[in-house]
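One structure below.
The values are calculated or read from the model by the stated rules, or taken from the named source; none is laboratory data. Source: prediction; values computed, not measured. Cβ placement follows ideal geometry from the backbone for every residue including glycine, while neighbour counts extend to all protein chains displayed.
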């Protein structure tokens, strides 16, 4: 069974409240530092509650994408785990320059299957 959506929702709401409250204090303030520490703890709880085991196929594609990003000194700003295998594969081909559109990707994928 998946994570309890109400528990995760409450954690995210608490994180949002802390983030808004933290903006009221100047950088370096003890209260701001403490709020940031609490935010980190909440973020870890959210990660643990929403963690899902990835399939090996999906994990290899994500690793390829991340290694390509590292070569280009580029940060991965999105959670790649939430995308399907097909979307990840298309993205990898697109960033490596093998395809430019979904139609090209579908033709390439058909050629591989055949």
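State all residues of region 83-99 that are farther than 17 Å from residue 68 by Cα and either in contact with a strand residue (DSSP E or B) (Cβ under 7 Å, 6 or more places away or on another chain) or assigned to a loop (DSSP other than H, G, I, E, B) (or both); if no residue qualifies, say none.
83, 84
Is there a residue being over 30 Å from residue 9 (Cβ atoms), touching a residue at least 12 places away in the same chain (Cβ under 8 Å) and surrounded by 13 or more Cβ atoms within 10 Å (Cβ to Cβ) anywhere in region 56-67?
yes
Criterion first (in contact with a helix residue (DSSP H, G or I) (Cβ under 6 Å, 6 or more places away or on another chain) and assigned by TED's automatic domain parsing to the domain that holds residue 93) does residue 71 satisfy it?
So residue 71 fails the test.
Would you mention how many residues in region 27-47 are closer than 20 Å to residue 7 by Cα and touching a helix residue (DSSP H, G or I) at 6+ places or on another chain (Cβ under 7 Å)?
Here the count works out to 6.
Read through the list (1) on the phi > 0 side of the Ramachandran plot; (2) surrounded by 13 or more Cβ atoms within 10 Å (Cβ to Cβ), then give the number of the only condition that residue 49 fails.
Among (1) on the phi > 0 side of the Ramachandran plot; (2) surrounded by 13 or more Cβ atoms within 10 Å (Cβ to Cβ), residue 49 violates only (1).
Among the numbered criteria (1) in a helix (DSSP H, G or I); (2) at pLDDT 90 or above; (3) outside the structural domain of residue 14 (by TED's automatic domain parsing); (4) over 13 Å from the mean Cα position of the chain (by Cα), which single criterion is violated by residue 109?
Here residue 109 clears every test but (2).
For region 10-40, what are the residues that are surrounded by 14 or more Cβ atoms within 10 Å (Cβ to Cβ) and part of a loop (DSSP other than H, G, I, E, B)?
If the condition is that a residue be surrounded by 14 or more Cβ atoms within 10 Å (Cβ to Cβ) and part of a loop (DSSP other than H, G, I, E, B), then 25 is the only one that fits.
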